[in-house]
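Rule-based calculations on the coordinates, nothing more; no lab input. These numbers come from a predicted model, not from an experiment. Here the Cβ is made from the backbone with ideal geometry for all residues, glycine too, and neighbour counts use every protein chain on show.
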Amino acid sequence: MTDIYKVNPQKPEKVILKKAADIIKKSRLVAFPTETVYGLGADALNSNAVKKIFFAKERPMDNPLIVHIADKDDIYILAKNIPKEANNLIHKFFPGPLTIVLEKKPIVPDETTARLATVAIRMPENRIAIDLIQASQTPIAAPSANRAGRPSPTRAEHVFQDLKEKIDLIIDGGPTKLGLESTVVDLTVETPQILRPGAVTLEMLKPELKKIELHPSILGNHADLETIPKSPGMKYRHYAPKAKLMVIVGNRENIHFKIEELIHDLHMKKMKVGIASVSERKYPADHIENLGYSKNEIAKNLFDILRRFDELNLDLIIAEGVDEEGIGLAIMNRLQKASGYAVIRV
Ligand code: TXA
Ligand code: MG
């Protein structure tokens, strides 16, 4: 049985958090909201508890988890040889949608970090998440609370769709604020490297670090990925909706023209086409979902809408892309992966 409890996101009910914390203390699983996406939580310092996350999600054991803390100082319990740059980032972006990768201390079990010598740490900016970590009296390991390969959950219903009967409790705190997972930055290398773009953007990180670079895969160079999956999660197919997805980027007018041409061709072949749009264009498609007009709206709605398309039995989904400035880089990174790199530039 999977219980779902609605909780007030501003003032989480203490009795419910206590119940959830008791489940974590018993080495079992609780799904909870963060400001990015819903996480599937377990006691990060208990290898038996952490193993259950991998089983419930059907996640490959070589893909490490992010450890969530409620207090900045807990970094020192989990990590060692912390470089100076880390302090800048912690000061500026914790709590918030930033995960930093540091050298791990032995207290963190191998199961949590998939046997890497490093640990990914983040302090979420969400009352429910923070209160749950505090009540559990332990850091909480939490990947996104979806079945492996599916779009990350931004609502409690999404978690239920993927994990019902596999976990004890889902805390429903309403739709998540940001909608895309945290930015992951590796600080254990000579030049700090963004392994996954998110709401803490490259532009925001630059002033805080002397040097910073993007992992090559983020720019779509997935040939490198086969050989050097830096963040082990990178090599797996992600966010995949059931229908095939294709992304069109470039000049706005050209995008409209290309999509209309594709719809025409696909209809000739009696195929059903869905569009994920970021403009007001009225395409002659079988179904249109508007992702939003601003990048923040698009980020917030993207995974929800990818899941909504699954109910429609479409043959192909075509998405209008955005430019890669700011959070646009994270949006395009998720769209690239969801489409299996089927991105056409026009
Ligand atoms: O916003 C988020 O980060 C959400 C919420 C729940 O906090 N969590 C999340 O976790 O997205 P997950 O497991 O879906 O993604 C974690 C990513 C994976 O790509 C994983 O490979 C990478 O972080 N990662 C974790 N530990 C790492 C490490 N030690 N070194 C490099 N990459 C790591
Ligand atoms: Mg995930």
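Run the simple label-point estimate for Ser279 and Lys26 please: 7 Å along Cα→C-beta, distance reported in nm.
Once both label points are built, they end up 5.5 nm from each other.
Report, in degrees rounded to the nearest 10, the 0 to 90 angle that the Cα long axis of helix 295-309 makes with the longest principal axis of the chain.
80 degrees
Out of residues 5 or more away from Ile318 or on other chains, whose amide H comes under 5 Å of its own, with H placed 1.01 Å from N in the peptide plane?
Amide H to amide H, under 5 Å and 5 or more residues apart or across chains, Ile318 pairs with Met246, Gly274, Ile275, Ala276.
Could you check the spin-label model distance between Lys92 and Gln161? Points 7 Å from the Cα along Cα→Cβ, value in nm.
Once both label points are built, they end up 3.6 nm from each other.
Rounded to whole Å and sorted largest first, list the principal axis extents of the Cα atoms in the range 1-138.
42, 32, 22
Determine the shape class of the range 72-139: with a ≥ b ≥ c the square roots of the Cα gyration tensor eigenvalues, call it rounded for a/c under 1.5, and otherwise prolate if a/b is greater than b/c, oblate otherwise.
Here the range 72-139 falls in the oblate category.
Amide H to amide H under 5 Å from Ile344: which residues, 5+ apart in sequence or cross-chain, H placed 1.01 Å off N in plane?
For Ile344, whose amide H was placed from the backbone, the distant partners under 5 Å are Val247, Ile248, Val249.
For a 24 Å ceiling on Cα separation, which of these pairs sit above it: Lys92/Lys211; Lys18/Lys104; Lys57/Lys105; Lys72/Lys166; Lys52/Lys242?
Over 24 Å apart, Cα to Cα: Lys18/Lys104; Lys57/Lys105; Lys72/Lys166; Lys52/Lys242.
On a 0 to 90 degree scale, rounded to 10, what angle separates helix 14-25 from the longest Cα axis of the chain?
80 degrees
Please give the length that would be gained between Asp315 and Asn81 if that part of the chain were fully extended, namely 0.36 nm times their separation in residues minus their C-alpha to C-alpha distance (nm, one decimal). Before the final figure, lay out the partial values.
Values: separation 234, 0.36 × 234 = 84.24 nm, distance 5.09 nm.
Fully extending the segment from Asp315 to Asn81 adds 79.1 nm.
Over the range 239-346, calculate the relative contact order: mean separation of alpha carbon pairs under 8 Å at least 6 apart, over the residue count, as a percent.
Relative contact order for the range 239-346 comes out at 44 percent.
Averaging sequence separations of C-alpha pairs under 8 Å and six or more residues apart, then dividing by the length of the range 3-224, give the relative contact order as a whole percent.
Once normalised by length, the contact order is 29 percent.
With springs only between Cα atoms under 10 Å, which of Glu261, Glu85, Glu208 fluctuates most in a Gaussian network model of the chain?
Greatest mean-square fluctuation among the candidates belongs to Glu261.
Spelling out what I want: for every residue of the range 35-46, take phi, set θ = phi - 60°, compute 6.51 cos²θ - 1.76 cosθ + 1.60 (Karplus), and round to whole Hz; glycine and proline get x.
6, 8, 9, 6, x, 10, x, 8, 4, 5, 9, 10
From the gyration tensor of the Cα coordinates in the range 157-217, what semi-axes in whole Å does the equivalent ellipsoid have, largest first, with each one equal to sqrt(5λ)?
33, 13, 9
Can you give the convex hull volume per residue for the Cα atoms of the chain, as a whole number of Å³? Intermediate values should be presented prior to the final figure.
Values: hull volume 44.5 nm³, N = 346.
Residue-normalised Cα hull volume stands at 129 Å³.
Can you work out the Karplus-derived ³J(HN,Hα) for every residue in the range 248-260? Use 6.51 cos²θ - 1.76 cosθ + 1.60 with θ = phi - 60°, whole Hz, and x for glycine or proline.
Couplings: 10, 10, x, 5, 3, 4, 5, 4, 4, 4, 4, 5, 5 Hz.
Quote to one decimal, in nm, the extra length available between Asn8 and Ile107 on full extension: 0.36 nm per residue of separation minus the C-alpha distance between them.
The Asn8-Ile107 span can extend by a further 32.3 nm.
Longest exposed-loop-site-free stretch of the chain, with trypsin sites (Lys or Arg not before Pro), DSSP loop and at most 12 other Cβ within 10 Å? Kindly include the intermediate steps, with their values, before the conclusion.
Numbers: sites that count: Lys26, Arg115, Lys164, Lys210, Lys211, Arg237, Lys269, Lys270, Lys282.
Result for the longest clean stretch: 27-114.
Hey, what angle do you get for helix 328-338 against the long axis of the chain, alpha-carbon based, 0 to 90 degrees rounded to 10?
So the helix axis and the longest Cα principal axis differ by about 80 degrees.
Each label point is 7 Å from the Cα along the Cα-to-Cβ direction; what then is the distance between the points at Asp62 and Tyr293, in nm?
4.7 nm
If you place +1 on the Cβ of every Lys and Arg and -1 on the Cβ of every Asp and Glu, how big does the dipole about the Cα centre of the chain come out, in debye to the nearest 20?
The dipole magnitude comes to about 620 debye.
What does the convex hull of the alpha-carbon atoms of the range 244-345 project to on average, in nm²? Don't skip to the end; give the middle numbers.
Working: hull surface 22.7 nm².
Convex hull of Cα atoms, orientation-averaged projection: 5.7 nm².
Positive end of the dipole of the chain, charges at C-beta (+1 Lys, Arg; -1 Asp, Glu), about the Cα centre: which of Ala145, Ser27, Leu180 has its Cα farthest in that direction?
Ser27
Treating only the Cβ of Lys, Arg, Asp and Glu as charged (+1, +1, -1, -1), what charge dipole size does the range 244-345 show about its Cα centre? Round to the nearest 20 debye.
220 debye
Which residue, Leu132, Ser294, Leu98, has the largest displacement toward the positive end of the dipole of the chain when charges sit on each Cβ (Lys, Arg +1; Asp, Glu -1)?
Most positive-ward Cα: Leu132.
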